[in-house]
1. Report whether or not Ile50 is at pLDDT below 80, surrounded by 12 or more Cβ atoms within 10 Å (Cβ to Cβ) and closer than 24 Å to Lys141 by Cβ.
2. Any residue in the stretch 63-91 that is assigned by TED's automatic domain parsing to the domain that holds His46 and part of a helix (DSSP H, G or I) sitting within a Cβ distance under 9 Å of a residue that is among the charged types (D, E, K, R) and exposed (fewer than 13 other Cβ atoms within 10 Å of the Cβ)? List the pairs, counting only those 6 or more apart or interchain.
3. Restricting the first residue to the stretch 123-140 and requiring it to be within 14 Å of Asp105 (Cα to Cα) and outside the structural domain of Glu31 (by TED's automatic domain parsing), which pairs with a second residue that is among the aromatic types (Phe, Trp, Tyr) and in a strand (DSSP E or B) meet a Cβ separation below 8 Å and a spacing of at least six or different chains?
4. Output the residues belonging to the stretch 92-103 that are closer than 17 Å to Trp130 by Cβ and touching a residue at least 40 places away in the same chain (Cβ under 8 Å).
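The values are calculated or read from the model by the stated rules, or taken from the named source; none is laboratory data. Keep in mind that what you see is a predicted model, and the values were worked out from it rather than measured. All Cβ positions, glycine included, derive from the backbone under ideal geometry; neighbour counts span all protein chains shown.
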Amino acid sequence: MVGDFSDEQLERFVVEKYHELVETLNVIVLEIIKQKQNNKFHCMAHDANIKPLESRLMWSHYSNGLRGFVIEFDFNSMLESIANKNNDDFSGYTLINYTELGFTDYIKSVIDAGKPLFADRMLFSKHVDWKYENELRLICKYSKTPVQTTWQPA
C-alpha cells in the first residue's frame, strides 16, 4: 500500500495513466540529461583494482599507438585542489558502471528488478568490453573559465 492507495488501486491508476506517466517521466529524464550535458567531464583511468597503466590496449587506444605518455595524479590531492579552486563549479566524480547489457536491455533489467532507475546511472554506464579502462569521470558545471587545479611535484 502506498499512501492512501491500495496496491490494486495504484496498479489500476498506472495502467489508466500509462502514456501520461511515460511522457512525464521522459520530460524529467530528458531535463536531467540536458543539465548533465551542460557540464564538463574529464575522463581518466584509476588503478584501484587493475593497473590501466600496464594495459597495452589502453596505450594503443589513447596514446597515439603506444607513442604517448601518462600523467599520474594523487587522486585525493587532485580532488581537494579542484574543489578548493573551483568554488561551487566542482560537482564531484563518478566511477563508470560496466554492464554486460546494452543500454536498452540495461534499463529494462533495472525496471524488471523493481529497482529505481537513476539518470546518472544511465549516463555513466558502459559495456563491460570497456572495463579495462577502469574509468572515472570528474564533473564540473559548465563555465567558460577553465577548471583550475594546483600541481605539486612529488
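1. For Ile50, the condition - at pLDDT below 80, surrounded by 12 or more Cβ atoms within 10 Å (Cβ to Cβ) and closer than 24 Å to Lys141 by Cβ - is not met.
2. No pair meets every condition.
3. Correct list of pairs: Ser125/Tyr98; Lys126/Tyr98; His127/Tyr98; Val128/Tyr98.
4. Passing the criteria: Thr94, Leu95, Ile96.
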